[in-house]
Structures are given as structure tokens and as C-alpha cells.
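Before any comments, here is the structure.
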Amino acid sequence: MEMFSEQLEQKEKEQSILLELSTRIAAARRREDLWNVITDQLLELFNSRYYTICMLNEDGATHTPFLHSQESTISSRTGETPIMADLHPVEDGVFNIVLSAEGPVVFELQKVMKGNKVPPYVYRWFNVGVVEMLAVRICNGNQPKGLLYLFTEKKNAFVNVDDRFVRAIADMLGIGISNILANETIERQLLEIERFKQRLENENRYLQEEQGLQNTFADIIGGSAEIQERIHILSRVAPSESTVLLLGETGTGKEVFARAIHAASPRKEHLMIKVNCAALPPNLIESELFGHEKGSFTGATQRRIGKFELADNSTLFLDEIGELPLEFQSKLLRVLQEKEIERIGGKSTIKVNVRIIAATNRNLEEEVRAGRFRSDLYYRLHVFPIAIPALRQRKSDIPALAAHFLQRFAARSRKQAPTISAKAMESLVHYDWPGNVRELEHLMERTLLLTTTPVITKIPLPGVPVSAAKDTESTAVLPLNLMEKEYILKVLRLCNGRIAGPNGAAAKLKLPSTTLNSRMKKLGIKKAHYISSEEPEMPQNDTFIL
Ligand SMILES: Nc1ncnc2c1ncn2[C@@H]1O[C@H](COP(=O)(O)OP(=O)(O)OP(=O)(O)O)[C@@H](O)[C@H]1O
């Protein structure tokens, strides 16, 4: 009778412990929560000093410690820690035995040490004074997932341990551990979402900047016949699906035209995507254009959507296409032909509907001849080539462009835009503009910063015969040949570019036209320097030069 009531008391005690443990284990969200439960209650409950929980790895052949006693609390006689964070084989003569046993298994370490297969961790626990070890499998559902090991420095410490009680606790641990693992996965995913959010914000910023850059044919400044004719023909090509190849020196406005073509196309609701082929390191071009899957190469920590995919149903502007490395040109050609891409490391192809506008300041025909550009890609892009003339070939656009930029920059700093004196404007018109409209744009920005008066009388043109720009009182001295060049140019412009004949420059200068011609050659004066409507110096064959 007394024994029965003792048993009952023991049962009730166990049940209340189980209840308390199950509440604490169920509430554990992180490893440290579980660690606290085990260290506060479990060790004492089973007369143990240390513990380890080892979980099976996905490969099913190895196991790894998941949680264990704090290493600093383990008094090691050898200086070695028994906890090893690395992989251990399942078939180590201990783990596999316990994993297939339903109940707990108690090992005397002395005996295990005498066996022919001693797992290194048993050896190490033995070395810190552990005498016995109890191990029980931890299941999730009915699936064995790992083991709980309890270690003691006393003999027969586990004699009175009730198998069912240990199993019940191991089952609870199974639930607690799967909660913790799920929570860790969620935390990892939240971190990943945070990183994605960051990337999306960056991309969004890029897209907003791009949106700010949208412009139409109406925004293109230029009343010259050269620009008006190009606007006319490109606005007819824009609604089609045709590939357009924009040719022209740097800064002539190729991108401005590309954006206007896109804005006049049925794809205008989507953003035009731009890729500057010259700005990309050769090893990143493929990933930038076609994207990559996570882990497809070192550093590919996230999946990346390429510019081709971003430009689906829109326009892809391939700027500086002449700079594309030869090795990559064939890949681009294949994509243009097949209209499908494959992300690096991807297993399937993705159909894309992209209209291509390409631009280059190189002479692509020459590049093809020199073997630097594939002829098949050249012909693929050469569907509708059009040359944007250099600024010196349409000097009549300079006043309007200069005023436009002054107004834009003045508005930005909430200033009244100054005007440009006739003399200063003359200096602008005379200048050669190797950097074209971009150079004019930057010069106007600089000039505005230096200007405090409502009229600009001086413009800081770079290293140029500044005769027209400088004050009449200026004492600056020009080399004679430059002075001569400027003067001849002035007369040529006065004569509308005519050299010979009664109204030609030679007659005005009282020189035979042959002499004037040879002087001009010597001074490097070209027709483009004094005639504003000169044809562009671009590949002329079948380019649509108007
Ligand atoms: N006709 C124009 N009207 C107004 N702004 C222009 C015009 N042409 C060019 N610009 C401006 O000049 C600058 C250079 O133009 P853009 O970038 O289009 O030249 P690009 O030919 O594409 O140059 P690159 O070959 O160096 O890429 C830009 O800031 C652009 O806004």
C-alpha cells in the first residue's frame, strides 16, 4: 500500500515536471531558450552533469551538435573540449545504435573505450571524467532526427531513470527543436527579404532616375535642318519594332534620340532599360544582361534579373555597343535571333520581347574590318542605322541649346537665367565642340556658376582661339598661326564657306584661291569648321543620313 502511494506520488511528480517542461520547451523559439530549460531542469532531473543534442544532417549519413553544455563549464583534463562542431558519421557505433533503439541506451564509457570502434567524442568525454552516458533518440513525428546525450561523472547515475519518462521528454524536445529550426528558417528568410527589399529600393531609385530622364522628340532642342530631318524620320520608325542603330560622336544626343524613339513607340508605358556596354567589366556583362541564378558563380549570392528580362515588353538601349567584348558578341547575337535568354546557372530559357536600340561612337564598319566586331551582329543591328551629326555640323543649334541649358541650370538654383552677349555667342558658334552637346551643357553649367551679371560676356572655352570671346580690351596674345586660322575661318564664314569666285574668301583676302586652299590645309581648317550644315563624318554607305 505504501509502495503504491509512493509510486503514485512519483507519477504525479513526473507529470507535473513533464507539464512544466512541455510548457517551457513549447515556448522556446531560439536555441538559447532550450539551452536554459535543459540547464535549469533537465540535467538535475537525470543526475547528469553535461549534455549534447546532435541532429542528423540532410545527407542522412552524418550528424552535428545542435546544442550542448557550455564548453567553459566542462573541466577538461586534457585541455581538449569534448564538443566538436563538425560532422560525425552516423555509423559510429553509438549514434546508429541509439537511433534505431526506441528507448534510452546507457553506455559505460570505460566499456565503449575498449571496443574496436570508439567515436572521438566518447573518447573526449571520457577524458573529462565522464563515466556514464545515456542517449535517447529525438523524433519529429515518427521520424528519428537526432539524439540527446546526458553525461555523468558518477557510476550508476541512470539506474532509476524511467524509460517512458525519458522518451516523453525526448518527444517534447523533438517538437521544441523543430519549432526552433522553423523559426531559424523564418529568421533567415526575413533577413533575405530585408536584403531583397534593399535591392528593390535600389532598383526603384534607378528606375525613378530613369523615369526622370524620359524625353520625347518635342524635348529635342534643334531647329537645324539636320536635327529636324532626323526627328521626322525617326518619329516614323519609332512605332515599329525595328532595331535602330544610332551612330554619332560622343555627346551628340544619341541617348536623347533613343529615349524619344521609345517614348513614341507602343512600348512607352514601360521604362526603357539602358545598358552602357563600355561601363561593364567583361566578366559581369553576361550576368548584367541575362541575369544569374543564386550560387551560379562565386559571389552570386542572390538571384539577379538581367536587363533583357527587365526590358521585356519594353526597349533595351545598348549604349556604346562597339565596346562589347568579341567573346560576348555571339551570345548577344543568339539572343537577338532567338528572342530568348538563359540566366547564368539557369536550367530553362526565358522568352523575351525586347526592342533594341543600339548606339555607338565607333565606326562599326571599320571595327568589323579590323575583326573587333562580328559582322553577323553588325548586320543584325544595322536594320535602321542613323547618324546624329556633330554639333559643329549644325552650329545654328548652338544658341538655342546654350539658352536651354542656362535656363535649366538657373531654374535648378532658382536664379534668373542670364542672356549671352552677341560676342560671347559668336565665340560659342566658332568653337569646334569635340565633346558636342554634352560639352556645351557642361560649359553652360560652369559659366552660370561664374556669372553674377544678367548678361554673359565671357565664356571660358577650353584652350581655344578665344578672339571672339575675349574683351576688346584684352591684352592676351595669340600665336600668329592661330590668329591667322581664326581670321581665315571668320572670312570663310562671312562668305558662307565659298573660297573661289568674286564673293569667295580668296577674293576678300586678296589671295589666289589655290594659295588660300593650301594655307587652309596647313592650318588644319576643314569644311566642317566653317560650314554648319556639313554632312556627318560617319559610315556613309547605307546609313540614313538625311
Ligand atoms: N538636341 C538636344 N536637346 C537637348 N539636350 C540634348 C540634345 N542633345 C544632347 N543633349 C544633352 O546632351 C547630353 C549628351 O547627350 P547624350 O547622352 O544623349 O549623348 P550621346 O550621344 O548618347 O553620348 P555618348 O556617346 O557619350 O553616350 C545629355 O545631357 C543630353 O540631355
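Listed cross-link partners 274/331; 458/522; 254/294; 490/521; 254/527; 254/307 are compared with a 27 Å cut-off, the Cα-Cα value being larger for 458/522; 254/294. Between the stretch 271-312 and the stretch 333-394, the alpha-carbon centres lie 17 Å apart. If the reach is capped at under 16 angstrom between alpha carbons, list the aspartates and glutamates near residue 415, excluding any in the same chain fewer than eight residues apart. Within the straight-line limit of under 16 Å, residue 415 reaches these aspartates and glutamates: 445. Using Cβ point charges alone (K and R +1, D and E -1), the dipole size of the stretch 227-348 about the Cα centre works out to roughly 300 debye. Relative contact order of the stretch 17-185, taken over Cα pairs closer than 8 Å and 6 or more residues apart, is 28 percent. Averaged over its residues, the chain has an accessible area of 53 Å² per residue, based on protein heavy atoms and a 1.4 Å probe. Rounded to the nearest Hz, the phi-derived 3J(HN,Hα) couplings of the stretch 302-317 under the Karplus curve 6.51 cos²θ - 1.76 cosθ + 1.60 (θ = phi - 60°) are 10, 5, 10, 8, x, 5, 4, 5, 4, 8, 4, 6, 10, 10, 10, 9, where x marks glycine and proline.
Accessible surface ranking for 373, 4, 1.4 angstrom probe, highest first: 4, 373.
About the centre of its Cα atoms, the chain shows a dipole size close to 3180 debye [charges on the beta carbon of Lys, Arg (+1) and Asp, Glu (-1) only; nearest 20 debye]. Calculate the spin-label point distance for residue 142 paired with residue 514, positioning each point 7 Å from the Cα along the beta-carbon direction, and give it in nanometres. Using points 7 Å along Cα→Cβ, the separation is 11.1 nm. Among beta bridges from DSSP that stay inside the chain, the antiparallel ones total about 60%.
Within the stretch 213-388, DSSP assigns beta bridges of which about 20% are antiparallel (rounded to the nearest 5). Rounded to the nearest 10 square angstrom, residue 495 shows an accessible area of 10 square angstrom against a 1.4 Å probe.
Expressed as a whole percent, the accessible area of the chain that falls on carbon and sulfur atoms is 52 (1.4 Å probe). With respect to the chain, whose longest principal axis is taken over its alpha-carbon atoms, helix 513-522 is tilted by about 20°. Charges were assigned to the Cβ only: +1 to each Lys and Arg, -1 to each Asp and Glu. The resulting dipole of the stretch 17-185 about its Cα centre is roughly 300 debye.
Projecting the Cα atoms of 233, 306, 73 onto the charge dipole of the chain, computed from C-beta unit charges around the Cα centre, puts 233 farthest toward the positive end.
The values are calculated or read from the model by the stated rules, or taken from the named source; none is laboratory data. All of these numbers come straight from a predicted model, not from anything done at the bench. Counting neighbours? That spans all protein chains shown, and the Cβs are built from the backbone with ideal geometry, glycine included. Protein only, heavy atoms only, side chains kept; ligands, DNA and RNA dropped before computing areas. Shrake-Rupley method; radii C 1.70, N 1.55, O 1.52, S 1.80 Å.
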